[in-house]
Each structure stands twice: as structure tokens, then as C-alpha cells.
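Each remark here refers to the structure printed beneath this line.
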């Protein structure tokens with residue numbers, strides 16, 4: 001059974017969380033914000049009204065979540081005392097303690113995600129590395145991993161563009177992941193992922209190493225202002241390939257957006273190329289491509305901010321975007337993150353989307369330095 005020290009630790013962490021979140025102030029604030037929704041012309045400006053409702057929803061999340069946690073801790077305290085009177089079992093106390101710790105960790109991690117972009121969804125792009133079929137198969141395995149992760153967390157996903165491999169797997173895929181704080185959690189996945197396994201595509205049964213890169217960009221919404229210069233945009237249309245019936249092959253529903261980007265800080269120019277075949281509706285695909293462009297431009301601004309912050313905090317340990325971050329060694333039953341040194345032997349679980357512990361380790365070590 002849990003010890004008295006463990007109970008006290010849970011109580012102290014809960015009290016500390018209340019101070020960090022300033023729950024008492026949030027309770028006063030939510031009452032004031034809700035009063036503003038009662039005015040007669042509140043919905044006249046829909047965008048402003050929806051922003052107000054999102055603000056209230058966020059306040060309620062913290063108040064309701066903390067209130068529920070506080071109740072769980074009180075019940076744990078009672079259960080701990082009732083064991084002596086044999087009103088509850090030691091196993092029941094341990095189960096309640098595990099539930100309290102799990103909820104504490106969930107709120108503590110969420111509290112770390114304070115940056116403007118953390119609350120947004122994600123544009124997640126996976127590219128296979130050199131190595132042909134083996135790397136393309138690895139890219140497809142990563143695609144499944146992130147789709148399963150999103151499913152576990154109730155996130156909505158859509159595949160904006162996918163390029164199949166020559167024999168198996170995929171060369172690249174772009175996935176939109178929509179849901180609260182999807183970017184805040186999945187930003188830890190940005191970088192190069194390394195696979196070591198006995199390849200099923202090698203006749204000699206040799207152990208092979210493959211690489212795939214994962215790029216994570218905030219999926220911007222209407223609350224984020226991004227400057228897009230329409231004069232720098234050009235469009236092409238094309239017939240989508242793959243399954244989907246005759247309409248897919250006969251109608252030019254696929255769109256290709258080209259944007260001549262000029263870096264406002266360095267003056268360097270580059271062409272941003274985005275393809276979207278998400279739907280059979282060309283206007284809808286254009287809308288989706290524009291949203292991806294806004295996400296890329298927003299991410300470039302974030303990269304600049306991160307570089308400036310890195311100059312200021314040159315002495316701090318930093319994560320270089322695009323560096324090798326994690327190794328998946330199948331025959332050794334090991335997945336290891338090279339930034340945090342967190343590792344697990346549950347390879348099957350990880351490949352099925354169970355990456356929460358990796359994300360947690362990353363946030364515990366690096367989220368504080370991002371604020």
C-alpha cells in the first residue's frame with residue numbers, strides 16, 4: 001500500500017498546482033467573462049464572440065479539472081484513513097492513488113504548454129530517408145504510429161497529401177491533426193527517427209538502419225494572424241492519382257500552390273510548394289492548401305523567435321530541429337530518445353502510438369526553457 005509520504009506528496013503537488021494555476025483568480029475571472037456574453041449585441045461580431053467563448057472554455061477547463069482533482073485527493077485521504085477500519089482495501093487505496101497521480105501529471109504537463117502556438121493543431125509531415133523500400137516502409141510505420149496516437153487522444157486527422165513508395169511504404173505524407181494542444185504535445189516529435197531491424201526486404205536477412213524525418217508545424221486557425229502576400233501565390237491543378245473512382249482520374253481536383261517567400265529578416269528567397277489532394281472538391285483543396293501555407297509561414301516566424309531566444313540563452317541545452325532524436329531498435333526490444341535518455345522495451349506499444357512517456361520526458365526537460 002502507499003506510504004504516508006506518498007499521500008503527503010500528492011497533497012503538496014495538488015496545493016502547488018492550485019498556486020501555479022491561480023484557481024481562485026480564475027474563478028473570479030470566469031464570472032466576469034461570462035457576464036460579457038449576456039449583452040444583447042454579443043453575437044453581432046461573430047469572430048470576437050467565438051474568441052470570447054474559447055477564453056471561457058479554457059478557464060472552465062482549468063477550474064473544473066482542478067476541482068475534480070481536489071475531490072480525488074480528498075477521497076484518497078479518507079480511503080487512507082479507512083484502511084485501518086477495514087472499510088476499504090489496500091488495493092483500492094493504491095488504485096485511487098494511481099488515479100490521482102495520473103491526473104496530477106496530466107494537469108502539470110498541460111500547465112507547461114503556455115506558448116501561443118501550443119494550443120493549436122498540427123501539420124505533421126513524414127519523409128522517408130535514403131534507402132529505398134526499407135526507408136519508405138519505415139515512413140509508413142511512423143505514419144501509422146501517429147495516426148494511432150491521434151486516435152487514442154481523440155484528435156481528428158486527415159491526410160492532405162501522400163506519395164506512395166516504389167514497391168512498398170510511402171515516400172512522404174502530410175497529415176493534419178486537429179485537437180486541443182495537439183501541437184504542444186507533438187512538437188517533441190520534430191526530427192529524424194532511426195530504425196534498426198532485420199529487414200524483411202533483404203534476402204540475406206541483414207540488420208539494416210533506416211531513417212525518416214518528421215516535421216511538425218502548428219496548424220493555424222482563425223485566431224492566428226499571418227501575413228500572406230497574394231501577389232506571391234501561383235496555382236496549378238492536376239488529376240489526383242490513386243484509388244477513388246473515375247472522378248479522381250478525370251477531374252483536376254488536385255491543387256499545387258507555389259509561394260515565392262522572402263524572409264523578412266534575412267532577405268533570402270525560396271519557393272514554398274504545397275500539394276493537396278485531400279478531397280475531390282478543387283476549391284476545398286485550395287482552401288486546405290492555403291491553410292497549410294499559413295501554417296508554414298507561422299512556423300517560420302516561430303523558428304526566428306526560437307533562434308533569437310537561443311542566442312540569449314546560449315548556455316542552455318537546446319534541441320536542434322531536424323537532428324536525430326530517437327532510435328527504434330527492434331531486435332534489441334528498445335526505443336530510446338537521445339535528448340532525454342528515456343527508453344522503453346515496449347516496442348510494440350510505441351509502434352501502436354503509445355508515446356506519451358516520451359512526450360512527457362521531453363516536456364519535463366525542455367518545456368520550461370521554451371517559456
For the chain, what is the percent of antiparallel DSSP beta bridges, rounded to the nearest 5? 90
Using Cα pairs under 8 angstrom and six or more residues apart, how large is the relative contact order of the range 4-112, in percent? 35
Residue 159 versus residue 58, label points 7 Å from Cα toward the beta carbon: distance in nm? 3.4
Suppose R0 equals 51 Å; then what is the FRET efficiency for residue 225 and residue 86 from their Cβ-Cβ distance, rounded to the nearest 0.05? 0.25
Taking R0 as 35 Å and r as the Cβ-Cβ distance between residue 265 and residue 235, the FRET efficiency 1/(1 + (r/R0)^6), rounded to the nearest 0.05, comes to 0.80
Between residue 331 and residue 301, the FRET efficiency computed from the C-beta separation at R0 = 41 Å comes out, to the nearest 0.05, as 0.45
When a/c reaches 1.5 or more, the comparison of a/b and b/c decides; with that in mind, is the range 4-112 rounded, prolate or oblate per its Cα gyration tensor? prolate
Could you give the length gained by full extension between residue 8 and residue 167, i.e. 0.36 nm per residue of separation minus their alpha carbon distance, to one decimal place? 51.5 nm
Could you give me the radius of gyration and the Dmax of the chain, taking only the C-alpha atoms into account and expressing both in angstrom? 24.0, 77
Starting from 0.36 nm per residue, how many nanometres of slack lie between residue 95 and residue 114 once their C-alpha separation is accounted for? 3.8 nm
So, how do all the Cα-to-Cα distances of the range 135-180 break down into 5 Å bins, in percent, from 0 on up? 6, 23, 28, 21, 13, 7, 2, 0
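Would you kindly give the portion of the calculated P(r) for the range 259-303 that falls above 12 Å, as a percent of all Cα pairs?
That fraction is 65 percent.
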Contact order normalised by residue count of the chain, Cα under 8 Å, 6+ apart, percent: 15
Length released on extending from residue 152 to residue 130, taking residue separation times 0.36 nm less the Cα-Cα span: 4.8 nm
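Computed from the coordinates by the stated procedures, all read-outs in this text should not be read as laboratory data. This one's a predicted model, so the numbers in the text were calculated from it and none came from an experiment. With ideal geometry, Cβ positions are generated from the backbone for all residues, glycine too; neighbour counts draw on all protein chains shown.
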